[in-house]
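Heads up, the thing below is written out as structure tokens.
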Amino acid sequence: MVAEALAEGLAAGDDARWRFCVAPMMEWTDRHCRYFHRQLSRHARLYTEMVTTGALLQGDPARHLRFNAAEHPVALQIGGSEPDDLARAARLGEAAGYDEINLNCGCPSERVQRGSFGACLMAEPGLVADCVRQCATPWRFRSP
Ligand SMILES: Cc1cc2nc3c(=O)[nH]c(=O)nc-3n(C[C@H](O)[C@H](O)[C@H](O)COP(=O)(O)O)c2cc1C
């Protein structure tokens, strides 16, 4: 069934390679796991584990953002709820060469919810809109 759906999608055009994704999973989808997954399919979109804005902005961004070119197409999932920090984190991901920046609005873990992001963002659509707007606005159009 999955193979049929995939074959149909692939026949529909190049964009179909985004239709099959390996979900972001903390403690699993690190760069080694993604490299392995890429050996299984050329077409799946791969996701990083969630990386928090704190880890990227105050930690060691090079360590968190490192990936192998073979992983493309690969998306960086960021976690946070402060629009400006998310925008800065997204910019780092873009500069590192990720194909997509994904905002975590779905992870239900208690640890994530204590940080006010992940699934609890679904209760704050206005804040999510602000976060996405900030991430999507090109740097040159931002107010200082
Ligand atoms: C071990 C584990 C870690 C996860 N980590 C994340 C995460 O970092 N970010 C996220 O958005 N979802 C995370 N999830 C949720 C998954 O991405 C996925 O949405 C969830 O497992 C539901 O998909 P399923 O119905 O195919 O299992 C995690 C799930 C598991 C099992």
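Observations on the structure shown:
- Net charge of neighbours whose Cβ lies under 12 Å from the Cβ of G54, counting Lys and Arg as +1 and Asp and Glu as -1: -2
- Sorted by Cβ density within 10 Å, fewest first, the residues R31, R42: R42, R31
- In nm, spacing of pseudo-spin labels at S109 and A70 (7 Å Cα→C-beta vector): 2.7
- Estimated distance in nm for a label pair at D60 and M25, the labels positioned 7 Å out from Cα along Cα-to-Cβ: 2.5
- Once both labels are positioned 7 Å from their Cα atoms along Cα-to-Cβ, the gap between R91 and Q39 label points is 3.9 nm.
- Rg then Dmax, both in Å and based on the Cα atoms of segment 20-136: 13.6, 40.
Read-outs throughout are calculated quantities, based only on the coordinates presented, and are distinct from any laboratory measurement. What you see is a predicted model; the values in this text were computed from it and never measured. Counting neighbours? That spans all protein chains shown, and the Cβs are built from the backbone with ideal geometry, glycine included.
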